[in-house]
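Contents: one structure, followed by commentary.
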Amino acid sequence: MAKQVAIDGKGVHYTPLNQRIRKAVEDGADEIVVSNVLGQRFIGDGLRGNVTVRIYGVPGGDLAIFMSGPTVIVHGNAEHAPGNTMDAGKLIIHGNAGDAVAHSMRGGKVFVRGDIGYRGGIHMKQYETQCPILVVGGSAQTFLGEYMAGGLLIVLGLNGPIKAREIGSGIHGGEIIIRGDVDAACLATGATQVPFTDEDRARIAPVIREYAGDFGLDPEPLVSADYTRIIPASARPFVGKYTWE
Amino acid sequence: MDGSGIRQALSMMNERGSGEGAGYVAYGIYPDYRDCYALHVFFDNIRENKSVVDATLAQWGTIEHDEAIPTYDRPNLRAVHTPWRYFFKPDPSLAPASTSPEDDIVSALTMRVNTARRGALIFSSGKDVGVFKAGGWPEDVADFYRIEDYEGYTWLAHNRYPTNTPGWWGGAHPFNLLGWSVVHNGEITSYGTNRRYIESFGYTCTMFTDTEVVAYLIDLLVRRHGLEIDLAVRALAPPFWEEIDRMPEAEREWNRALRLTYAPAMMNGPFAIVAADAGTMIGFTDRTKLRPMVVGECGDRLYISSEEAAIRAMEPKVESITMPAAGEPVVGRVAP
Amino acid sequence: MTIGSLPPRYRISIDPVRCMECERCIENCSYGVFRRDGERILVNSRNCTACHRCIACCPRDAISLEEHPCDYRSHPLWTREAREAIYNQARTGRIILAGMGNALDYPVIFDRLVLDACQVTNPSLDPLREPIELLTHIGKKPARLDLRRREGGDVELGTSLTPNLRVETPIMIGHMSYGAISLNAQVAMARAAKETGTFMGTGEGGLHSAIYPYQDRMIVQVASGRFGVNIDYLERGAAIEIKIGQGAKPGIGGHLPGEKVCTEISRTRMIPEGSDAISPAPHHDIYSIEDLAQLVRALKEATEWKKPVFVKIAAVHNVAAIAAGIARSPADAVVVDGFRGGTGAAPRVFRDHVGIPIEAAVSSVDAKLRDQGIRNEISVIASGGIRGSADVAKAIALGADAVYIGTAALVAMGCRVCGNCYRGLCPWGIATQHPDLVERLNPDTASEQVANLIRAWTLELAELLGAAGINSIESMRGNRDRLRGYMLDESLMQVLDVKQVGA
């Protein structure tokens, strides 16, 4: 039987809160429910294991930073930089999130049901078998996928057209896939738009289905929708700027 | 004890001095004003400089009484300053944020007057205590103030051979701030570090000599940080890391903490120091014992000196004479 | 022809009488200066970088090197460097990259400061007999202690201390990443750090598994690219350093060119193979001082508050106020990197023109922290152009707790400061990833040399302290009374808070 631990987060500072979460993981909890969360930063910071952490309320910044393995589900909005430098695991946010979502994420998944702020997916990167995935249900703001060096970033735009400009500024790896058309003027230097192929669709379909499953959406219209695919023009975007002494 | 005994003791060590500065401090000499801060001031010029100090003190409290410190001309001592004393009661309501408002006001006033350098120097500022010092040989300074006229229960005295700074009256020992007075034999090689540390807590070094910082460090550690005096001394002259590493765990932890927290207060170089306040007298040397220190006991009396001869001059029947180890403080408590 | 070829920077010549045609120069020169042509060894001086590898390996001392054999008409303003930069940029229209530290002829303040010694009024101490303590603790210290005596006399400590690094000597090795330098070079220095009881920085290139045996001596860096940073990395390090800036290139990020990102580097940095490793100029989760405090806390929270966290900044004009801001976060140490700090590659315009000297920077940082009454609560590490034990002593007297060395450690492994690190052809096996070149650096020998250097400086430091009558390094820290300025102008002496010689 799954072992569940409940933690009342009301007024608890993040350090003792994380200590309790760690202790519960150590004691073999499968699911930890943290209620009354309000503004505590760093929840799940550096956390390992296969546990699922359900958060009720609005966690503070750097949620699941350096996390490696667990699943964190937020029933509320998240502040800035959830999934910061995350290595593995999954972050599901049933709301909106702030700026720099999935900053430097290198593995695992971040699913946001609502909108995200500026610089979403900044400096996400992949290597060997590690490939991070960020899926945004609503809109994303400017500098989406800035400096991206790998991974998959999908924006579904379920709440209307996306607001991002300067998309993929300095991108040198990975791909940004946006439902619908994207005005070429919204692409930054170093980013280039390429046709969305059937192979691409086949590749993202399981991700879309998983996302839809997590939020109770009908996946098929999303899987079959039209997408714009944006990739780096070069793996070495700045090479032409420099000369040697 | 009146001051005649210590005058005689100090003169035993005239070979250590140069006739450029000597001084005495005595506790318990102002019983009539024991609730007032006794401020001893050197005025360069009474007419020009005194009104400023009067006004400053009046702003911060009440001058219960003030007068010239009685002095008596000596042929070998040129009176370059006029010594004056105020018996002062600060108004605690003027420093509401402080836990010791009276001490804080007096300490701040002392720093302010001394930093301003307007012909006034407060060189003694405690209750029921007074420093008497000047440029000259110990006997001349003693006779200039007639220290045999004062009755005290704790006395410190010092004979100076100034090196790094000129022999001026303010630079003679003892140095005093509020309750604590300090005399020092040696030179502090860490002075630059200690001075900058103490000045970051609002003290200002104005005497052009190293010993001054010791008085301020003791004030900081004991009065403001609440350390017991022997622990404060341990911060100033801590054990070597090698010794700390060998201590049992609990002892090691607090010694380590003390050394880390007060690293900039640690004093280096050769020194033997005696410090006193109303209830305590404490002597200690540097960590490698580069200066001499002899301790004598006789009944309820404690003597600390650079030389045994000085102790015996005062107490011919001294019962015990010891030489404490480096950095190990010798503490005497005034019997209640 | 508009610009044509420029005069060669160096001329290599081989004395035919001495040369025995052993071809060691041909084998050793990775820049292709030498080749055999029948009975002779031919020289192409234009390829030479003055790395001295050929000279070091020639068994007959047959090779000689001349700098600027054919110079331009001399002119104090239009220097050779100024003219050549213009030719270069007129041809390419690009930003010029250059290696090593600041190459402009600014006065070296260290060389205009002299140390003190005791005579008569207090004794100098003899380190042969007397203990001289160089043990340094890097980390947060309490402002005051809750220390009480219980009945019975035992002393009780009510204040809990945060973890500090215990360093045997105030000389640490700064951050040089795997990628900028070879793995052999990094292993050699890590081993030396362990042997001498000091610590070393990983740089921003992650922690290769070959360094794991020395991980308790490593300060793991978290830079804007977050290369190699995961929870495992953070837990392995003895301390964590957030790199905000670097003295060689304040205000900008860095790029490790894609051709250097081989499989091992890709794995260690956790980035795709062959892509440029781009460190953005700022951390994109730090746009304000409060965000820095947040990252400090995030790192401490991740490692359960067991690791000291340092913050490294470049010495810029406002360095003191910035350091004071850092000091008021939970950060344990602030590293100040002066404008002479080394680099594998930096835009020349930054390397030579942005930032201030470490001497002035560390002085003003120390003073500012004292003004705020928090100097002893945080450690200050000075870096950027520390060349010998005298520089260490002076940096400490100006207010540093310890120093980082970088270039000096590389020189100890053979580096000749030729400044061509960015080309990846370092014939000494230091700034290269070519396996055949890397192999030239024997980590056993190299680690011994770096350890020797640290030991030698430590001995000299003890002598300098002893001569100054000081038996513990903390009494030298910020002790500017033991320094005098020689031919420094008055305003600079005010910044340094030192008197002139004779005063």
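Pick from B:323, B:111, B:267: which is most flexible by mean-square fluctuation in a GNM of chain B where alpha carbon atoms under 10 Å apart are linked?
For chain B, modelled as a Gaussian network with Cα springs under 10 Å, the answer is B:323.
Give the cross-link partners of residue B:317 among the aspartates and glutamates, using a straight C-alpha distance below 17 Å as the criterion and excluding same-chain residues fewer than 8 apart.
List returned: B:297, B:300, B:307, B:308.
Charges at C-beta only: +1 for Lys and Arg, -1 for Asp and Glu. How large is the resulting dipole of the stretch B:98-212 about its Cα centre, in Debye rounded to 20? Can you show the working numbers first?
Values: 9 positive and 14 negative charges, 110 e Å.
The dipole magnitude comes to about 520 debye.
Can you give the average number of partner chain beta-carbon atoms within 10 Å of each beta-carbon in peptide C:223-230, as a whole number? Walk me through the intermediate numbers first.
On the way: counts 0, 3, 5, 9, 5, 1, 5, 11.
Mean partner-chain Cβ count within 10 Å for C:223-230: 5.
Could you please rank A:94, C:353, placing first whichever residue has the fewest other Cβ atoms within 10 Å of its Cβ?
C:353, A:94
Tell me whether the stretch B:4-333 comes out rounded, prolate or oblate; compute the Cα gyration tensor, take square roots of the eigenvalues as a ≥ b ≥ c, and use a/c under 1.5 as the rounded threshold. Kindly include the intermediate steps, with their values, before the conclusion.
Details: a/c = 1.67, a/b = 1.19, b/c = 1.40.
Taking the square roots of the gyration eigenvalues as a ≥ b ≥ c, the stretch B:4-333 is oblate.
Do the sum for chain B: with -39,500 (n - 2.57) for every DSSP H run of n ≥ 4, divided by all residues, what is the mean residue ellipticity at 222 nm, to the nearest 500 deg cm²/dmol?
Theoretical 222 nm ellipticity from helices: -8500 deg cm²/dmol.
Among the listed pairs A:163/A:241; B:133/B:289; A:3/C:307; C:141/C:307; A:10/A:109, which have their C-alpha atoms separated by more than 23 angstrom in this model?
Correct reply: A:163/A:241; B:133/B:289; A:3/C:307; A:10/A:109.
Count, for each residue of B:197-203, the Cβ atoms from other chains sitting within 10 Å of its Cβ, then give me the mean as a whole number. Mind showing how you got there, number by number?
Numbers: counts 6, 1, 3, 9, 2, 1, 0.
Per residue, the average neighbour count from other chains is 3.
Can you list, bin by bin at 10 Å, the percent of alpha carbon pairs in chain A, starting at 0?
Result returned by the calculation: 8, 33, 34, 17, 7, 1, 0.
Check cross-link reach from residue C:312 to the aspartates and glutamates: straight Cα distance under 17 Å, and skip same-chain residues fewer than eight apart.
C:204, C:241, C:285, C:290, C:291, C:332, C:337, C:359, C:366, C:377, C:401
Of the trypsin sites (Lys or Arg not before Pro) in the stretch C:70-169, which ones lie in a loop per DSSP and count no more than 10 other C-beta atoms within 10 Å?
C:73, C:129, C:150
Calculate one ³J(HN,Hα) per residue across the stretch C:444-456 by plugging θ = phi - 60° into the Karplus curve 6.51 cos²θ - 1.76 cosθ + 1.60, and present them in order as whole Hz with x for glycine and proline.
So the Karplus estimates, Gly and Pro as x, are 5, 5, 4, 5, 5, 5, 5, 5, 4, 4, 5, 5, 5 Hz.
Which of the listed residues, C:28, C:52, C:82, is farthest toward the dipole's positive end in the stretch C:10-94, when Lys, Arg count +1 and Asp, Glu count -1 at the beta-carbon?
Among C:28, C:52, C:82, the one farthest towards the positive end of the dipole of the stretch C:10-94 is C:82.
So for B:254, B:155, fewest C-beta neighbours within 10 Å to most, what's the order?
Fewest to most other Cβ atoms nearby, the residues stand as B:254, B:155.
Please build a GNM for chain B, connecting alpha carbons under 10 Å apart, and tell me which residue among B:22, B:325, B:276 fluctuates the most.
Looking only at B:22, B:325, B:276, the largest GNM fluctuation is found for B:325.
Cα centroid distance between the stretch A:37-101 and the stretch C:255-287, in Å?
25 Å
Do any of A:125/C:306; A:90/C:306; C:140/C:368 go past 21 Å between their Cα atoms, and which?
Details: A:125/C:306 28 Å; A:90/C:306 26 Å; C:140/C:368 17 Å.
Correct reply: A:125/C:306; A:90/C:306.
At 0.36 nm per residue, minus the direct Cα-Cα distance, what do residue C:17 and residue C:372 gain on full extension? Give it in nm, one decimal, please.
Extra length available between residue C:17 and residue C:372 comes to 120.9 nm.
What's the angle, to the nearest 10 degrees (0 to 90), between helix A:14-26's Cα axis and the longest principal axis of chain A?
Approximately 80 degrees, to the nearest ten.
Restricting to DSSP loop positions (anything but H, G, I, E, B) with no more than 13 other Cβ atoms inside 10 Å of their own Cβ, which trypsin sites (Lys or Arg not before Pro) remain in the stretch C:246-314?
When the trypsin sites (Lys or Arg not before Pro) of the stretch C:246-314 are filtered for loop state and at most 13 Cβ neighbours within 10 Å, C:306 remain.
Please give the net charge around residue A:60, taking every other residue with its beta carbon less than 10 angstrom from that of residue A:60, where Lys and Arg add +1 and Asp and Glu add -1.
Counting the neighbours of residue A:60, the net charge comes to -1.
Checking a compactness column here: for the protein assembly as shown, what do you get for Rg(Cα) / (2.2 N^0.38 Å), N being the number of residues? Please report the intermediate quantities before stating the final value.
On the way: Rg = 34.8 Å, N = 1084, 2.2 N^0.38 = 31.3 Å.
For the protein assembly as shown, the normalised Cα radius of gyration is 1.11.
Decide, for chain C, between rounded, prolate and oblate: order the square roots of the alpha carbon gyration tensor eigenvalues as a ≥ b ≥ c, take rounded if a/c falls under 1.5, and otherwise choose prolate if a/b is larger than b/c, else oblate.
Numbers: a/c = 1.71, a/b = 1.49, b/c = 1.15.
Prolate is the answer for chain C, as a/c is 1.5 or above and a/b outweighs b/c.
What is the local net charge at residue A:142, summed over the other residues whose Cβ is closer than 15 Å to its Cβ (Lys, Arg +1; Asp, Glu -1)?
-2
Can you put B:261, B:288 in order, fewest other beta carbons within 10 Å first?
So the ranking, lowest neighbour count to highest, is B:288, B:261.
For C:476-485, what's the mean count of beta carbons from other chains sitting within 10 Å of each residue's beta carbon? All intermediate terms of the calculation are to be shown ahead of the outcome.
Working: counts 5, 7, 8, 10, 4, 10, 5, 1, 0, 0.
Mean partner-chain Cβ count within 10 Å for C:476-485: 5.
Taking square-rooted eigenvalues a ≥ b ≥ c of the alpha carbon gyration tensor, is the stretch A:39-134 rounded, prolate or oblate, where a/c under 1.5 means rounded and, failing that, a/b exceeding b/c means prolate?
Values: a/c = 1.72, a/b = 1.19, b/c = 1.45.
Because a/c hits 1.5 or more and a/b fails to exceed b/c, the stretch A:39-134 counts as oblate.
Read-outs throughout are calculated quantities, based only on the coordinates presented, and are distinct from any laboratory measurement. Note that the coordinates shown come from a computational prediction; the quantities given were computed from them, not determined experimentally. Virtual Cβ from ideal backbone geometry, glycine too; neighbours counted across all protein chains shown.
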